[in-house]
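The values are calculated or read from the model by the stated rules, or taken from the named source; none is laboratory data. Computed from a prediction, not measured in an experiment: that's the story for all the values here. Using ideal geometry, Cβ is built from the backbone for each residue, glycine included, and neighbour counts are taken over all protein chains shown.
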Amino acid sequence: MRHTASELLKWPDQFTERQLKMQLFNLYIFIEIGGTGGGCFRPMYSRFLTESAGLIRNPALRIAADAFERIGAQFTKVGLLFKDAARVKDVQARIERASRGFCELADKEETACRWLEKRL
């Protein structure tokens, strides 16, 4: 499934400017800091798949682990767009970039999960 837009694009109409910047900063916190280990839990999932690949000797899990490591890195890039949300002037441009990034991430995760499902 090709994702073409995210709910994030609606946020500027739903919040005041101050609230928007706080919510965007909170998005950064969730993706990178809030107990996720960075990358919105994807690197953690990647480590789980890597360990599982060794335990059950399934190389498909290692390939999936690599995909989720890359997905996690992309999540980090999107999250970092809002690390300094309170001070930036180009909030709308960052929201648009993040929205595209989230859509790409959704497509990549869906592809990785379907690929993995076929190999288990």
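Of the numbered conditions (1) out of contact with any Leu (no Cβ under 6 Å at 6 or more places or on another chain); (2) assigned to a helix (DSSP H, G or I), Asp84 satisfies every one except a single condition; which is it?
(2)
Limited to region 9-49, what total is found for residues that are over 16 Å from the mean Cα position of the chain (by Cα) and among the β-branched types (Val, Ile, Thr)?
Within region 9-49, residues that are over 16 Å from the mean Cα position of the chain (by Cα) and among the β-branched types (Val, Ile, Thr) number 1.
With the requirement that a residue be of a type in the set (Lys, Arg) and touching a Lys or Arg at 6+ places or on another chain (Cβ under 8 Å), what does region 18-69 give you? Step through it out loud before you land on a result.
At the first step, the residues of region 18-69 found to be of a type in the set (Lys, Arg) are 18, 21, 42, 47, 57, 62.
Answer for region 18-69, where residues must be of a type in the set (Lys, Arg) and touching a Lys or Arg at 6+ places or on another chain (Cβ under 8 Å): there is none.
Kindly list the number of the only condition in (1) out of contact with any Gly (no Cβ under 9 Å at 6 or more places or on another chain); (2) in contact (Cβ under 8 Å) with a residue 24 or more places away in the chain; (3) more than 30 Å from Arg87 (Cβ to Cβ) that fails for Ser46.
(1)
Which of the residues that make up region 57-112 are among the small types (Gly, Ala, Ser) and surrounded by 17 or more Cβ atoms within 10 Å (Cβ to Cβ)? So that I can check it myself, show each step before the final result.
Step one: of region 57-112, the residues among the small types (Gly, Ala, Ser) are 60, 64-65, 67, 72-73, 79, 85-86, 93, 98-99, 101, 106, 112.
Scanning region 57-112 gives Ala64, Ala65, Ala67, Gly72, Gly79, Ala85, Ala98, Ser99, Gly101, Ala112.
Quick test of your reading of the structure: Ser52 fulfils all but one of (1) over 14 Å from the mean Cα position of the chain (by Cα); (2) in contact (Cβ under 8 Å) with a residue 40 or more places away in the chain. Name the failing condition by number.
Just one mismatch for Ser52, condition (2).
Quick check on region 1-38: of everything there that is at positive phi and surrounded by 11 or more Cβ atoms within 10 Å (Cβ to Cβ), which residue is modelled with the lowest pLDDT?
So the residue we want is Gly37.
Tell me which helices (runs of 4 or more DSSP H) are completely within region 1-57 and hold 2 or more residues being within 22 Å of Ile95 (Cα to Cα) and of a type outside the set (D, E, K, R), or say none if there are none.
Working: elements: 11-14, 17-28, 42-56.
Hits in region 1-57: 11-14, 17-28.
Are there any pairs, at least 6 apart or on different chains, whose C-beta atoms fall under 9 Å, with the first in region 79-101 and farther than 16 Å from Pro12 by Cα and of a type in the set (A, V, I, L, M, F, W, C) and the second at pLDDT 95 or above and part of a helix (DSSP H, G or I), and if so, which?
Sorted first by the residue in region 79-101, then by its partner, the pairs are Leu80/Tyr28; Leu80/Ile31; Leu80/Glu32.
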